[in-house]
Amino acid sequence: MNKVIKKIISAACVATMSIGMLAGCGSTKSSSGSIDGSGTRIMLIGTDRDDAYRKLLMDGIADQAKKAGVTLDDEECGNDVEKQAEAARKAASGGYDAIICRIADASTAPQIELAAGDLPIIYVNNQPDETALKADKYMYVASDEEECGRLQAEYVIKKVNKKEMNIVIMLGEKGHSATIARTRANKNTLKKEGINYHVLFSDYANWNDEQARHDLDLFFKTGQSVDAIFCNNDTMALGAVQALKDNGLDPSKIPVTGCDATPDGCKSIASGGMQYTVFQNAAGQARKAIEIAVALGKGGTAKGISGVTDNLLYGWVPFEPVDASNVKDYMS
């Protein structure tokens, strides 16, 4: 799915300044805001890195672990649930302090937690159901996907300026928390603002530009008029832009919105392709995941860390809107 354009160093600096001091035992920070992870062992359980944002996040976690002095071991499990559970068992018996997990199937969180024994788990990029989370034990670090979908819809409402719209929604991975929440927020925001919208076409393109382009090419052959295209990520949005061009349609008149503010997505906005995206701060998410993992791994608490909710289940990193007016700020 789930990609950053701001320079990693500057994004990390912003995240550093925004993170509050930890209180009590298990504190991970000095007065300068650095994370002291010395002596902490963390296992990173991941899936494949074919998706641009996912790769940025996983690489960012490794980078932040190194800066914090954390010993991080990376277990690549593809999308194999059994391999992820086996990695969790290995962490439980191997003297690790915490696990950071990009879970392949969010519904298998209880299985991963059982395999992990007493180790805290910080989930990233794919959100388990809240019933699988536990305060200061099983937490989820990401950006609030509802915010992404809301920002996309607000942009389209302002740009299209119609009370009745024909829209297309290109979906990411079926069952993925971002796919569900972003799409739900698109629809709820349109409805809340009194827009009578009609979804003419919607299908899973699995975060892939070629699949989105192919599916939309078939749709456009029906000749139906579209006011806007919502995409769950930038990569699919790039495919949507190309499909518009392939069919003689003008992207400047049919806004295509994405999410992540990837380098390619930002280039597209700057050159008049995509019109809007939402920056998802991979460096900020990586840093927060490491900070929380170190805190819990040392027997402390996530309370007091910026973005951590009062129920100690989530660590949120805000999304940021990106369009032609500010896209240069997000390009390296």
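The values are calculated or read from the model by the stated rules, or taken from the named source; none is laboratory data. Remember, it's a predicted structure, so these values are computed and weren't measured experimentally. All Cβ positions, glycine included, derive from the backbone under ideal geometry; neighbour counts span all protein chains shown. Protein only, heavy atoms only, side chains kept; ligands, DNA and RNA dropped before computing areas. Shrake-Rupley method; radii C 1.70, N 1.55, O 1.52, S 1.80 Å.
Give me the pairs, please: first residue somewhere in the stretch 289-313 and in a helix (DSSP H, G or I), second residue anywhere and basic (Lys, Arg), beta-carbon distance under 8 Å, and either six or more positions apart or on two chains.
Glu291/Lys29; Leu296/Lys137; Gly297/Arg41
Glu147: closer than 24 Å to Asn311 by Cα, open to solvent by 30 Å² or more (accessible area, probe 1.4 Å), in contact with a Phe, Trp or Tyr (Cβ under 7 Å, 6 or more places away or on another chain) and not in a loop (DSSP other than H, G, I, E, B), yes or no? Don't jump to the end; show me each part of the working.
Working: closer than 24 Å to Asn311 by Cα: yes; open to solvent by 30 Å² or more (accessible area, probe 1.4 Å): yes; in contact with a Phe, Trp or Tyr (Cβ under 7 Å, 6 or more places away or on another chain): yes; not in a loop (DSSP other than H, G, I, E, B): yes.
Spelling it out, Glu147 is indeed closer than 24 Å to Asn311 by Cα, open to solvent by 30 Å² or more (accessible area, probe 1.4 Å), in contact with a Phe, Trp or Tyr (Cβ under 7 Å, 6 or more places away or on another chain) and not in a loop (DSSP other than H, G, I, E, B).
Looking at (1) open to solvent by 20 Å² or more (accessible area, probe 1.4 Å); (2) out of contact with any Lys or Arg (no Cβ under 9 Å at 6 or more places or on another chain); (3) more than 22 Å from Asn79 (Cα to Cα), which is the one condition that is false for Asp129?
(3)
From the list Gly273, Gly304, Gly284, Gly297, which residue is within 21 Å of Lys55 (Cβ to Cβ) and at pLDDT 95 or above?
The unique qualifying residue is Gly284.
Look through Ala115, Ala98, Ala104 and report the one residue that is under 23 Å from the mean Cα position of the chain (by Cα), surrounded by fewer than 24 Cβ atoms within 10 Å (Cβ to Cβ) and of a type in the set (A, V, I, L, M, F, W, C).
Values: Ala115 fails: under 23 Å from the mean Cα position of the chain (by Cα); Ala98 fails: surrounded by fewer than 24 Cβ atoms within 10 Å (Cβ to Cβ).
Within the list Ala115, Ala98, Ala104, the selection yields Ala104.
Would you confirm whether any residue within the stretch 40-48 is within 23 Å of Ala88 (Cα to Cα), hydroxyl-bearing (Ser, Thr, Tyr) and modelled with pLDDT under 95?
For the stretch 40-48, residues within 23 Å of Ala88 (Cα to Cα), hydroxyl-bearing (Ser, Thr, Tyr) and modelled with pLDDT under 95: present.
With on the phi < 0 side of the Ramachandran plot and under 18 Å from the mean Cα position of the chain (by Cα) as the only criterion, which of Asp246, Asp227, Asp234, Asp217 stands out?
The match here is Asp234.
Quick one: Trp316 ticks every box in (1) hydrophobic (A, V, I, L, M, F, W, C); (2) open to solvent by less than 10 Å² (accessible area, probe 1.4 Å); (3) touching a Ser or Thr at 6+ places or on another chain (Cβ under 8 Å) bar one, so which box is it?
With respect to (1) hydrophobic (A, V, I, L, M, F, W, C); (2) open to solvent by less than 10 Å² (accessible area, probe 1.4 Å); (3) touching a Ser or Thr at 6+ places or on another chain (Cβ under 8 Å), Trp316 is out only on (2).
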